[in-house]
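Below is one structure, written out as structure tokens; comments come after it.
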Amino acid sequence: MTNTREITLTVNGTEHTIDVEPRQLLVHAIREELDMTGTHIGCDTGNCGACTVLKDGEPIKSCLMFATQADGSELMTVEGMEDLPEARGDLHPLQEGFREEHGLQCGYCTPGMLMSGKALLDENPDPSEEEIREAISGNLCRCTGYQNIVRSIEYAAEELEEVAAADGGTTVASGTDTSSADAPSAFDSEFDCGVENCCGGPTTDRNHDADTGGEHK
Amino acid sequence: MKPAQFEQHEPETVEEAVSLLESLDDRAVLSGGQSMVPMLRFRLAVPETIIDINRIESLDYLEEDDGWLTIGALARHADVEHSELIAEHYGSFADTAPLVADPQIRNRGTVAGAIAQADPKGDWGSVLLAHEGEVVAQGPDGERVIPADEFFLLPYDTTLDENELLTELRVPTPAPREGSAYHKLKRKVGDYAMAGSAARLVLDDEGRIEQAGIGLTAVDITNVRATDAEDHLEGERPSSELFKRAGELAAEQSNPESDEHGDVEYKERMVNVLTQRALGDAAERAGLVKQRVSQ
């Protein structure tokens, strides 16, 4: 480890100062220096988009950029989604969409998909299906065939519209209450996504699911 | 895979970058990095030093200036994609930008970097050729302007000098009756072109083609101009018959290789079709109504 340099990254609102080699890729800095492993390394060649993060609000592939190039930037990773105001202390509407619409199977591409979805909805709160497909065109999913991912993002767009309407009106509190009554219990105990043959198919051991807190594998 | 170790410089001015180029031996310039970083990771490139130009703010522009559309070395594909100026006046650029790779890559990759990379499958080279554009380079002895025609040598090889930094691309601002377009064939979203054709037409007061530019992608060792087709078009009135012949001439002049995407005959046919479509759009954008073109 010769030749390191101090850089400052603001990740999900928290400032981190770390020493990196010039050759260290941003994705490695995020995963290995900051221990935030939500950002995945998929293809390692810039094709798959699993490592997508937002840099100053724009989606980029963090395996195609050196950490030093992000010095002074604001980054957002999947770990930051639940802290956003629209998440209201729970899953972000995008994450909720992926759960409700079964937007994942193995889940490996999901953090990147969420980041691309987030960037899209920030720019365009009411996207067409075509616009959604274009926005996730840099993210590969080998499980779902994309249909459910598109639906998940559509779900989030609608949900975010409702959140915005609720925040703009006088019923903020009741709006918040209603949704938190709907959503969070799924992860409290046994989790059933409601789709047949999900989570490994009919042989899935239900106790195992319960033991792991119903983590949607 | 991680790149080999390297020293890094982050110049903040063009002069600083050029003097680094001059003083350092084994070095590479890093701009958008969307091709360069994979090359470093696969160790296809193992330079001792990287000169990262991303902090040279003076190179980040996309604007019209004194009869030219000028694209600074740090203008990203996404800057072109989202520019109103481009959307209104530069059809071929507006067509091309959203067809380059994918949204994440377009947020980082630069147009000038793609030109300097000189991948024969790159889209921008064809656009630059069709517009008879220029490459501006800064070297130890000052600025040098290289016509697009004289820029590409071989795959990944250009006439840019060792000690020169590509600082700007430029194409003439459109004439009153000018239109341009780009058509690209690719197997799926985000791919490089299997074939592509950029066309630019300038019409005179009587609606005749005063100037024609056609650039082809992925069908020769570099992006190339279809000069036979251009010559055939000039002085004529746009018509689908005329464009058909131009498409044939472009295909004849192209030199594609057979690969997993198709054989030579198929690719030549694609050059023909894509060129006709690009010419059709260019003519329409130059102010003709489509019906007249297809008569």
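The values are calculated or read from the model by the stated rules, or taken from the named source; none is laboratory data. This one's a predicted model, so the numbers in the text were calculated from it and none came from an experiment. Here Cβ is always computed from backbone atoms with ideal geometry, including for glycine, and neighbour counts include all displayed protein chains. Accessible surface areas use protein heavy atoms only, side chains included; no ligands, DNA or RNA. Shrake-Rupley method; radii C 1.70, N 1.55, O 1.52, S 1.80 Å.
Before moving on, here are some points about what is shown:
- Test: residue in region B:85-96 that is β-branched (V, I, T), surrounded by 23 or more Cβ atoms within 10 Å (Cβ to Cβ), in contact with a His (Cβ under 9 Å, 6 or more places away or on another chain) and not in a helix (DSSP H, G or I): no
- Count - residues of region A:150-165 that are among the β-branched types (V, I, T) and without any contact (Cβ under 8 Å) to a residue 24 or more places away in the chain: 1
- Matching residues, region A:28-73, being at the interface with chain B (Cβ under 7 Å from one of its Cβ atoms) and either assigned to a helix (DSSP H, G or I) or touching a residue at least 60 places away in the same chain (Cβ under 8 Å) (or both): A:G49, A:T52, A:E58, A:P59, A:K61, A:T68, A:Q69
- Residues that are within 14 Å of chain A (Cβ to nearest Cβ) and free of Cβ contacts under 8 Å to residues at least 12 places away in the same chain are absent from region B:85-102 altogether.
- If the condition is being away from chain A (no Cβ under 14 Å), within 16 Å of B:M270 (Cα to Cα) and either assigned to a loop (DSSP other than H, G, I, E, B) or modelled with pLDDT under 95 (or both), then region B:169-198 contributes B:A193, B:M194.
- Residues of region B:116-127 satisfying the condition of being under 13 Å from B:D95 (Cα atoms) and either at pLDDT below 95 or not in a loop (DSSP other than H, G, I, E, B) (or both): B:W124, B:S126, B:V127
- The number of residues in region B:37-82 that are over 24 Å from B:G133 (Cα atoms) and not small (G, A, S) comes to 16.
- Only residues that are assigned to a helix (DSSP H, G or I) and surrounded by 21 or more Cβ atoms within 10 Å (Cβ to Cβ) were counted in region B:51-76, giving 1.
- Scoring B:R106 on the criteria (1) within 14 Å of chain A (Cβ to nearest Cβ); (2) not in a helix (DSSP H, G or I) leaves a single failure, condition (2).
- Helices (runs of 4 or more DSSP H) contained in region B:206-295 and holding at least 2 residues buried (at least 22 other Cβ atoms within 10 Å of the Cβ): B:227-233, B:240-253, B:264-285
Residues checked against (1) in the same structural domain as A:A50 (by TED's automatic domain parsing); (2) among the hydroxyl-bearing types (S, T, Y); (3) on the phi < 0 side of the Ramachandran plot:
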| residue | (1), (2), (3) |
| --- | --- |
| A:D90 | no, no, yes |
| A:G107 | no, no, no |
| A:M113 | no, no, yes |
| A:S116 | no, yes, yes |
| A:L120 | no, no, yes |
| A:E123 | no, no, yes |
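- Considering A:L9, A:L25, the condition of being touching a strand residue (DSSP E or B) at 6+ places or on another chain (Cβ under 7 Å), at the interface with chain B (Cβ under 10 Å from one of its Cβ atoms) and not charged (D, E, K, R) is satisfied by A:L25 alone.
Results for (1) within 11 Å of another protein chain (Cβ to nearest Cβ); (2) aromatic (F, W, Y); (3) within 26 Å of A:P59 (Cα to Cα), shown as yes or no for each residue.
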residue: B:L20; (1), (2), (3): no, no, no
residue: B:D25; (1), (2), (3): no, no, no
residue: B:V29; (1), (2), (3): no, no, yes
residue: B:G33; (1), (2), (3): yes, no, yes
residue: B:R41; (1), (2), (3): yes, no, yes
residue: B:I50; (1), (2), (3): yes, no, yes
residue: B:E57; (1), (2), (3): no, no, yes
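- Tally, over region B:1-50, of residues that are hydrophobic (A, V, I, L, M, F, W, C) and outside any loop (DSSP other than H, G, I, E, B): 13
- For region A:105-122, the condition of being closer than 18 Å to A:G57 by Cβ, away from every other protein chain (no Cβ under 14 Å) and over 11 Å from the mean Cα position of the chain (by Cα) holds for none of the residues.
Residues are listed down the side, and each one gets a yes or a no for (1) of a type in the set (K, R); (2) in contact with a His (Cβ under 7 Å, 6 or more places away or on another chain); (3) open to solvent by less than 10 Å² (accessible area, probe 1.4 Å):
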residue: A:V27; (1), (2), (3): no, no, yes
residue: A:D35; (1), (2), (3): no, no, no
residue: A:N47; (1), (2), (3): no, no, no
residue: A:A50; (1), (2), (3): no, yes, yes
residue: A:D56; (1), (2), (3): no, no, no
residue: A:M65; (1), (2), (3): no, no, yes
residue: A:T68; (1), (2), (3): no, no, yes
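- Meets criteria (in contact with a Phe, Trp or Tyr (Cβ under 7 Å, 6 or more places away or on another chain) and not hydroxyl-bearing (S, T, Y)) for A:E100: yes
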